[in-house]
Every structure is written in C-alpha cells, then in structure tokens.
C-alpha cells in the first residue's frame with residue numbers, strides 16, 4: 001500500500017460539530033466510533049444500540065450506508081436523526097465546442113430516502129462515493 005492511499009483513507013476519518021449538526025467521516029469503522037470519546041456520547045449510544053446489532057464493529061460507516069435497505073431498522077434510526085449523506089457522483093460535463101463530454105465528480109448532499117432508493121448496482125454505475133454523514137443535533141436528542 002502506498003503512502004498516498006493511506007492518507008486518502010484517513011482523509012475521511014473525522015468528526016466535526018457546529019451549532020446544529022454533527023459531521024462524521026464515512027471511513028470510520030463502527031468500532032472506532034464506539035471507542036472515540038471525542039464523538040458525542042448520544043451518537044455513540046445510538047450507534048451501539050441501533051446500528052451495531054445489524055452490523056459488525058469492523059464495518060465502516062460507508063459500508064453500512066451503501067448497503068442500507070428499506071427493511072433495515074437502521075434506516076429508521078438515520079431518518080429519526082434527520083441524517084443526510086455527502087456524496088460524490090460522476091456526472092457528464094458537456095462542452096459547447098467539443099462533441100464529447102467529460103466525466104467529473106460532483107459533490108451533493110443526499111437524503112436517506114434517495115440513497116436507499118438506489119440499488120448497489122445503480123450506486124456503482126453512478127460512481128457514488130460516500131464522504132460523510134451529517135446528523136441534526138436536535139433530532140439526535142430525540143432518539
């Protein structure tokens with residue numbers, strides 16, 4: 001593994017909060033979330049009680065969200081927390097002077113219904129890359 005791939009992996013392992021939201025990088029494993037005392041207790045408790053019973057401690061947050069299905073109880077938990085996911089998606093950029101179109105990644109904020117509405121095959125075809133989970137602090141307090 002090269003040095004650059006390690007730093008890229010670490011780039012999406014972060015926890016930030018502001019007045020109204022919590023931002024968690026999707027490369028955190030559920031075990032790392034549970035062991036990180038910088039992450040709010042309430043979020044760690046929700047992960048422990050509602051998400052871990054349906055996943056493994058070694059699963060990343062990205063994996064849990066990528067393969068989330070409508071029947072999964074974790075979806076209801078994410079919706080209760082008013083969660084959104086920041087994703088990068090491949091889009092075609094058309095040029096006025098060229099006949100061909102280039103493809104580039106565009107960052108979007110996606111709600112849980114939109115994310116779950118896509119199959120893993122559609123996500124792969126769209127080049128979907130999950131960057132971070134955003135959770136409302138007020139909604140988290142009600143969980």
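The values are calculated or read from the model by the stated rules, or taken from the named source; none is laboratory data. Keep in mind that this is a model prediction, so the values were computed, not measured. Because the Cβ atoms are built from the backbone with ideal geometry, glycine has one as well, and the counts that use them run over all protein chains shown.
Observations, loosely collected:
- Scanning region 45-63 for residues that are in a helix (DSSP H, G or I) and within 9 Å of residue 30 (Cα to Cα) yields 47, 48, 51, 52, 61.
- Qualifying residue in region 82-94 (condition: in a helix (DSSP H, G or I) and either over 20 Å from residue 54 (Cα atoms) or at pLDDT below 95 (or both)): no
- Checked against the criterion of being touching a residue at least 40 places away in the same chain (Cβ under 8 Å), surrounded by fewer than 19 Cβ atoms within 10 Å (Cβ to Cβ) and in contact with a strand residue (DSSP E or B) (Cβ under 6 Å, 6 or more places away or on another chain), region 70-82 has at least one qualifying residue.
- Any hit, region 34-44, residues being under 19 Å from residue 117 (Cβ atoms), without any contact (Cβ under 8 Å) to a residue 12 or more places away in the chain and not in a loop (DSSP other than H, G, I, E, B): no
- Residue ID - farthest from the chain's Cα centre (by Cα), chosen from residues in region 15-33 that are assigned to a strand (DSSP E or B) and free of Cβ contacts under 8 Å to residues at least 60 places away in the same chain: 16
- Qualifying residue in region 57-65 (condition: over 19 Å from residue 12 (Cβ atoms) and surrounded by fewer than 16 Cβ atoms within 10 Å (Cβ to Cβ)): no
- The set of residues in region 117-130 that are surrounded by 17 or more Cβ atoms within 10 Å (Cβ to Cβ) and either assigned to a helix (DSSP H, G or I) or touching a residue at least 60 places away in the same chain (Cβ under 8 Å) (or both) comprises 123, 128, 130.
- Residues that are touching a helix residue (DSSP H, G or I) at 6+ places or on another chain (Cβ under 6 Å) and either surrounded by fewer than 11 Cβ atoms within 10 Å (Cβ to Cβ) or at pLDDT 90 or above (or both) are absent from region 101-109 altogether.
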